[in-house]
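The values are calculated or read from the model by the stated rules, or taken from the named source; none is laboratory data. Given the structure is predicted, the values throughout are model-derived calculations rather than measurements. Positions of Cβ are backbone-derived with ideal geometry, glycine not excepted, and every protein chain shown enters the neighbour counts. We work out accessible area using only protein heavy atoms, side chains counted, and drop any ligands, DNA or RNA first. Shrake-Rupley method; radii C 1.70, N 1.55, O 1.52, S 1.80 Å.
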Amino acid sequence: LAACGSDDSAGGEPDGLTMGFAQVGAESGWRTANTKSVREAAQRAGVELKFSDAQQKQENQIKAIRSYVQQRVDVIAFSPVVETGWDTVLLEAQRADIPVILTDRAIDSEDDSLYETFLGSDFVAEGRKAGEWLLQETEGEDSVAVVELEGTTGAAPAIDRHTGFTEAIAGSGVEIIASQTGDFTRSGGKQVMEAFLKAHDDIDVVYAHNDDMGLGAIEAIEAAGLTPGEDIRIITVDAVRDGMQALADGKINFIVECNPLLGDQLMDLAERVVAGEEVPKRVVVEETTFTQEEARQALPDRQY
Ligand code: GZL
């Protein structure tokens, strides 16, 4: 009896919590790195992870969240593919008393009681960094024509990276002459860049909302007999390995980092939320920028 009593009084290791994670998809190198980070962090933290890939479709993410509610997980985390259309399903989670954590992308709901916290990047700042670099890079050029490869329509990173960039270049000689979504994929970036090259013969710069679309644009630019990084300068966001390699090779001119390694912070926040602790409503991750020389230095140590 004593042994049993002493065991109980010791409390023992609480069971690891169960997390339902509804991922956007596998559309980009960034997403792959983000998924790897979440899976490995769950293992390290002893969290039982239920994971779903929505193939970039909101209805699949909503179905996944519903299934996690039915399975009565301890906590739900997801990266909303677009900003709108979440209130109903998040209300169902709230009514089931299951806390929700937003990771990577945000929602624009009026009711911020629908999630405990947001963990991710400041996408407006990312866009601003891209614009500010271009301003100093093109100092003295009286007019600079930019074509913009936008991320998924309606997604927070696409909306905010556009906002930050346009705020930075406002009133300068840098002008966006065309914008179109490439849906964050390499093939999307290539197809849109092919169309831009047919429609415009004065393109100076490509601003791509992620490396993958920038890499697709490089293929289109080279197929058109032009030299990426010289005839047409390229700025991208993410800093995944393939993007950093192109930057080091001089085919991209500047990359704004978007850190996908959110896994450990997510598991820590989840444990605090499930324990009923107060957590900050917004946790912004650290990230930097890279020039071609900085990419050459950083490449050997990059985790993703
Ligand atoms: C940004 C993330 C974006 C990446 C893209 O945090 O949501 O989605 O920039 C990814 O590469 O597809």
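I'm trying to understand the selection: among the residues of the stretch 110-122, which are of a type outside the set (A, V, I, L, M) and either more than 11 Å from the ligand (Cβ to nearest atom) or free of Cβ contacts under 8 Å to residues at least 60 places away in the same chain (or both)?
E110, D111, D112, S113, Y115, E116, T117, F118
Which of the residues belonging to the stretch 105-122 are open to solvent by 10 Å² or more (accessible area, probe 1.4 Å) and under 29 Å from Q191 (Cα atoms)?
A106, I107, D122
So, of the residues in the stretch 253-273 that are among the aliphatic types (A, V, I, L, M) and open to solvent by 10 Å² or more (accessible area, probe 1.4 Å), which turns out to be nearest to the ligand (Cβ to nearest atom)?
My answer is L261.
Assuming Q245 fulfils every condition listed in (1) within 22 Å of L299 (Cβ to Cβ); (2) in a loop (DSSP other than H, G, I, E, B) apart from one, which condition is it?
Among (1) within 22 Å of L299 (Cβ to Cβ); (2) in a loop (DSSP other than H, G, I, E, B), the lone unmet condition for Q245 is (2).
Among the residues of the stretch 124-151, which ones are open to solvent by less than 10 Å² (accessible area, probe 1.4 Å) and either within 18 Å of V283 (Cα to Cα) or within 13 Å of the ligand (Cβ to nearest atom) (or both)?
E126, G127, A130, L149, G151
Counting only residues that are within 19 Å of Q265 (Cβ to Cβ), give me the helices (runs of 4 or more DSSP H) lying completely in the stretch 5-117 with at least 2 of them.
Where helices (runs of 4 or more DSSP H) fall fully within the stretch 5-117 and carry at least 2 residues being within 19 Å of Q265 (Cβ to Cβ), they are 29-45.
What pairs come up if the first residue lies in the stretch 211-238 and is on the phi > 0 side of the Ramachandran plot, the second is modelled with pLDDT of 95 or more, and their beta carbons are under 6 Å apart, counting only those six or more places apart or on different chains?
Pairs found: G229/G250; G229/K251; G229/N253; D238/W30; D238/N210; D238/D211; D238/C258.
Return the pair list, or none, for Cβ contacts closer than 8 Å from residues in the stretch 93-109 that are more than 16 Å from S121 (Cβ to Cβ) to residues that are basic (K, R) and more than 16 Å from the ligand (Cβ to nearest atom), at least 6 apart or on different chains.
The qualifying pairs are A96/R72; I98/R72.
Name the residue, out of G250, G276, that is in a loop (DSSP other than H, G, I, E, B), open to solvent by 60 Å² or more (accessible area, probe 1.4 Å) and either of a type outside the set (A, V, I, L, M) or over 25 Å from F123 (Cα atoms) (or both).
G276
I need the full set of residues from the stretch 29-60 which are open to solvent by less than 10 Å² (accessible area, probe 1.4 Å) and more than 18 Å from G151 (Cα to Cα), in order please.
V38, A41, A42
Residue by residue through the stretch 209-261, note down the ones that are small (G, A, S) and over 24 Å from V283 (Cα atoms).
Correct list: G214, G216, A217, A220, A223, A224, G225, G229, G243, A246, A248, G250.
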